[in-house]
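A quick write-up on the structure given underneath.
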Amino acid sequence: MNTETLNRNETVSAAPTHAAHVEQPQGSAGILPFTSSSPFTMGIELELQLVNRRNYNLASDAVDLLNWIAPRELKKQIKLEMTQGMIELNSNIHTRVDQLVEELKGLRAALNNGARYLNIDVSGGGAHPFQHWNEQRITPSERFHHLHEKYGYLAKTFTVFGQHIHIGVPSGDDALYLTHAFSRYVPHFIALSAASPFYQGADTRFDSSRSNVVRAFPLSGTAPVHTKWAEFETYYDELMQMGIIASMKDFYWDIRPKPEYGTVEIRVCDTPLTIEHAAHLGAYAQLLARWVLTERPFTVTDDFYLLYQYNRFEASRFGLNGMLALHGATPSESRKLPIFEHLLQQLQLLEPYVQNEAEQHTLQRLRRMALDRLSDAGWLRQMFAQRGSLNDMMRLSSELWMGETPPPYFQ
């Protein structure tokens, strides 16, 4: 990965790249300097499934697929992952969601062409429905083999597939505030992206079973309640000195700052079944960031995450139908409401921050999903009910991601 400071006009690609058009470094010059970037730019990463065309189980062809990518410069944006049934696609930096969609179409075409040479398909979704973790192969890489030694079987069980969203911020203090503020919308992102109802051959009764796999890792969960970058640097340095971490990569938090890129990274999303939906999730994060850093609606205190685990579970288990608990100033002011209703209220608050028709389309799309309780998890269950086969469901899922005409709500 390229972690050097980038000039404002330089095009960026690579994982978790998407720092934004980076300005001159500003802020702390201490243990963990934060590289300032243009506010509210966005980029995404997508972890994708590689499946064979015999029974649509995972195919261990990631290394070979990378060799077939053309034009070759796109290989900077397509990366190997922990196990060989996965590939990671990385966008460049964007200010508009429609431009992000167009770039993703080009990257998808390159992946599709390479996959055809190997007689495999590519699919979205947060978890493969019937693969077995013990059959997965660790990708040849010093880092991946180190992680396998460190985490044991967890490394192979981490063959799940997520979307990461990066939003550019100007300073470390802003990054911490946005990290904490985004946590209030983790149920939205989990419910809107949920695409892993099946796991190890069974319907898990969760809309997002992937969420449970991620939680098994140490240093998962939420960032410590620091609001000043200098405080966070002290925390980071202490863990470094103790040998607990070696870099920011060792934090598996749901949301984390990425100081080398000048971004805040949302990590809770399942990989959607279509690139269009993935792009709109990125645009939703972009709109939320504009609203959050302008309105400053939250006061971050020690009890900020009091209801976080409950709300996260509700979104993972029930999707948009889950219940969101909201902490009031007094017990009588605390309440619960469905996640879809809370999402609809937030979409209304974001209306004044829309800057173009593409972003308006994002709000319209998400509003329809909330009103009709539509989700990728629901579509997968519907396909399984119609076909009676997880294998056939995966075939249809790969056709969807690779560019077949999607159902109307995927548009």
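For this structure, a couple of remarks:
- Straight-distance candidates among the aspartates and glutamates for linking to Lys336, with alpha-carbon spacing under 17 Å and chain neighbours fewer than 8 residues away dropped: Glu314.
- Å³ per residue enclosed by the Cα convex hull of the chain: 133 Å³
- Kirkwood Rh and Cα Rg combined as Rg/Rh, the range 266-322: 1.02
- When the convex hull of its Cα atoms is viewed from all sides, the range 34-96 shows a mean projected area of 6.2 nm².
- Distribution of pairwise C-alpha distances over the range 271-411, 5 Å bins, in %: 2, 8, 15, 18, 20, 15, 11, 6, 4, 2, 0
- Spread over its residues, the convex hull of the C-alpha atoms of the range 148-293 is 114 Å³ per residue.
- Residue-averaged [θ]222 nm for the chain, counting only DSSP H segments that reach four residues, each worth -39500 (n - 2.57): -12500 deg cm²/dmol
- Ligands, DNA and RNA left out, the accessible area of the range 238-385 computed with a 1.4 Å probe is 53% carbon and sulfur.
- Taking other residues whose beta carbon is less than 14 angstrom from the beta carbon of Leu219, and scoring Lys, Arg as +1 and Asp, Glu as -1, yields +2.
- Formal net charge of residues neighbouring Leu363 (Cβ-Cβ distance under 13 Å; K, R +1; D, E -1): +1
- Beyond 22 Å in Cα-Cα separation lie the following of the pairs Lys105/Lys156; Lys79/Lys249; Lys156/Lys258; Lys156/Lys249: Lys105/Lys156; Lys156/Lys258.
- The chain - accessible surface per residue (Å², probe 1.4 Å): 39 Å²
- Note on the chain: with charges restricted to the Cβ of Lys and Arg (+1) and Asp and Glu (-1), its dipole about the Cα centre is near 920 debye.
- Taking every alpha-carbon pair under 8 Å whose residues sit at least 6 apart, the range 47-105 reaches a relative contact order of 33 percent.
- Each Lys or Arg adds one and each Asp or Glu subtracts one; over the other residues with Cβ under 10 Å from the Cβ of Leu326, this totals +2.
- Looking at the chain, the DSSP beta bridges with both ends there are about 95 percent antiparallel.
- Distance from the alpha carbon centroid of the range 319-334 to that of the range 28-57 works out to 31 angstrom.
- Mean Cβ count within 10 Å, highest first, over the residues of peptides 265-277, 359-371: 265-277, 359-371
- Spatial separation of Cα centroids for the range 162-215 and the range 273-287, in angstrom: 13 Å
- Each part gets one Cα centre, and for the range 62-91 versus the range 345-409 those centres are 26 Å apart.
- Where N is the number of residues in the range 213-315, Cα Rg divided by 2.2 N^0.38 Å: 1.19
- Cα principal axis extents for the range 67-120, largest first, Å: 34, 23, 18
The values are calculated or read from the model by the stated rules, or taken from the named source; none is laboratory data. The model shown is predicted, which means the values in this text are computed figures rather than measured ones. Ideal geometry is used to build each Cβ from the backbone, glycine not excepted, and the neighbour counts take in all protein chains shown. For accessibility, only protein heavy atoms count, side chains too; no ligands or nucleic acids. Shrake-Rupley method; radii C 1.70, N 1.55, O 1.52, S 1.80 Å.
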